1. If you count only protein heavy atoms with a 1.4 Å probe, what accessible area per residue comes out for segment 12-96, rounded to a whole Å²?
2. Based on the mean of other Cβ atoms within 10 Å per residue, sort peptides 27-37, 12-22 so the most packed one is first.
3. Cβ neighbours within 10 Å, averaged per peptide: list 106-114, 80-88 in order, most packed at the top.
4. Probe radius 1.4 Å, ligands and nucleic acids ignored: give me the carbon and sulfur share of the accessible area of the chain as a rounded percent.
5. Which ³J(HN,Hα) values in Hz, rounded to whole numbers, follow from the phi angles of segment 119-125 under the Karplus curve 6.51 cos²θ - 1.76 cosθ + 1.60, where θ = phi - 60° and Gly and Pro get x?
6. Using only the alpha-carbon atoms of segment 24-132, report the extent along each of the three principal axes, biggest first, to the nearest angstrom.
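The values are calculated or read from the model by the stated rules, or taken from the named source; none is laboratory data. The structure presented is a predicted model; accordingly, all values stated were derived computationally and were not measured. Glycine gets a Cβ as well: all are built from the backbone with ideal geometry, and neighbour counts include every protein chain shown. Protein only, heavy atoms only, side chains kept; ligands, DNA and RNA dropped before computing areas. Shrake-Rupley method; radii C 1.70, N 1.55, O 1.52, S 1.80 Å.
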Amino acid sequence: MAGCGGGSDGDQLSAKEYRERGNRICRGANREARRLARGRLRTQVENVADAADRSRARFERLEPPDELRAKHDEAVRNTREALHLFREADRNFERDGADALLNVIEEIDEVVREGDAVARQLGLTECATDVR
């Protein structure tokens, strides 16, 4: 998720505006993740986690319409959980090496699958990783 935030004046977005902005955030995040997915594994984990955190912040600032608020909040919680798992792997990398990521990969996969389902329900097709 990259690029734009919600209305800086706090105005609620229409469903169409929300989807356009949310998808724009995800397109940018996906481009950044592909660019950062090079080099040593530890560096990749750090870089992708940092990029995901920036995108998460942009996504959280979106002001969805009332009918999408509950799912938006669910997507935010899901994103925070996935980011927490990546950060956990990063913290444990020094001690455990690549096993740090392997130790949480199943949890990350489950969170990502749940996030994909929520993204589809919100109409954020660019945010669902399993459609590429």
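1. Numbers: 4910 Å² over 85 residues.
Per residue, segment 12-96 has an accessible area of 58 Å².
2. 12-22, 27-37
3. 80-88, 106-114
4. On the way: 3420 of 7540 Å².
On the chain, the fraction of accessible area on carbon and sulfur atoms equals 45 percent.
5. Ordered by residue, 3J(HN,Hα) equals 4, 5, 5, 7, x, 9, 5 Hz.
6. That gives 45, 24, 24 Å along the principal axes, largest extent first.
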